[in-house]
Amino acid sequence: MSETFARLAEVLEARKGAEPDSSYVASLYHKGLNKILEKVGEESVETILAAKDAATSGDAHELIYETADLWFHSLVMLAALGQHPQAVLDELDRRFGLSGHAEKAARPHN
């Protein structure tokens, strides 16, 4: 799975210097972080709606499709902020085997 994220990270990084009309990702970078964040929010809502539909219909096709869109746009967001998906995978690895309640309690309170 992390190979797919690594391949995507390479493509997303390469698109940073591309002309806006050369690719969808390059156009997002050109429009700026607010547009990227807007897409993450939009895809989050679409994923939630697809999950509700899947719970009713038993068909998860749209849920998988929308989750892929959400993950993709989240990766674009991370790349725009200079972060690699490996950092997220490392954080998930760190949490593996921890109680969710213990992990949440250990977070710094702001």
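Computed from backbone phi, the HN-Hα couplings of the range 8-15 come to 4, 4, 4, 5, 4, 5, 5, 6 Hz, rounded to whole numbers (Karplus: 6.51 cos²θ - 1.76 cosθ + 1.60, θ = phi - 60°; Gly and Pro given as x). Just the protein heavy atoms count here, and of the accessible area of the chain at 1.4 Å, carbon and sulfur take up 58 percent.
Charges were assigned to the Cβ only: +1 to each Lys and Arg, -1 to each Asp and Glu. The resulting dipole of the chain about its Cα centre is roughly 460 debye. Per the Cα gyration tensor, the range 1-74 maps to an equivalent ellipsoid with semi-axes of 27, 15, 9 Å, ordered largest to smallest.
With the dipole of the chain worked out from charges on the C-beta (+1 for Lys and Arg, -1 for Asp and Glu) around the Cα centre, which of H61, A80, V25 lies farthest toward the positive end? The one lying farthest along the dipole's positive direction is A80.
Of the trypsin sites (Lys or Arg not before Pro) found in the range 1-94, those that fall in a DSSP loop while having at most 16 other beta-carbon atoms within 10 Å are K16. Rolling a 1.4 Å probe over the protein heavy atoms gives the chain an accessible area of 71 Å² per residue.
Could you pull out every one of the lysines with an alpha carbon less than 25 Å from that of K35, ignoring same-chain neighbours closer than 8 positions? Correct list for K35: K16.
The values are calculated or read from the model by the stated rules, or taken from the named source; none is laboratory data. Bear in mind the structure is a predicted one, so any value in this text is a computation, not a measurement. Virtual Cβ from ideal backbone geometry, glycine too; neighbours counted across all protein chains shown. Accessible surface areas use protein heavy atoms only, side chains included; no ligands, DNA or RNA. Shrake-Rupley method; radii C 1.70, N 1.55, O 1.52, S 1.80 Å.
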